[in-house]
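> Submitted below is the structure of interest, expressed as structure tokens.
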Amino acid sequence: MNDIIIIGDDAQGIADIKCCLQNHFQTKDLESLRAFLGIEVTRCTKGITLFQRKYVLDISDISLLGCRAANALIEDNVNLLPDQEEILDDRGRY
């Protein structure tokens with residue numbers, strides 16, 4: 001099974017892509033995204049929020065909670081915008 005997420009602000013363009021894919025492949029449109037690859041997705045007026053709660057619970061089930069933590073390479077709550085300057089000092093690390 002292969003999954004794909006199509007996002008954008010052009011509703012007609014998204015509809016056209018879905019139609020094209022359905023003409024060439026057997027597809028199923030799941031409509032609003034709720035989860036993908038173990039990441040939960042929620043929407044609000046300010047945008048979307050991604051949660052890894054299920055992943056963390058799965059880790060706790062297999063006793064990995066005692067593993068060493070690693071420092072985050074990017075600041076918390078960073079707003080990424082298309083016209084924003086480069087925020088990553090060393091893109092190769094990511």
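The values are calculated or read from the model by the stated rules, or taken from the named source; none is laboratory data. What you see is a predicted model, and the numbers here were worked out from it, not measured in a lab. FYI the Cβ positions are ideal-geometry reconstructions off the backbone, even for glycines, and counts take in every protein chain you see.
> Criterion first (at pLDDT 75 or above and in a loop (DSSP other than H, G, I, E, B)) does ASP9 satisfy it?
Numbers: at pLDDT 75 or above: yes; in a loop (DSSP other than H, G, I, E, B): yes.
In short, yes.
> What are the residues in segment 21-40 that are loosely packed, with under 11 Cβ neighbours inside 10 Å and farther than 27 Å from VAL56 by Cβ, if any?
ASN23, HIS24, PHE25, GLN26, LYS28, ASP29
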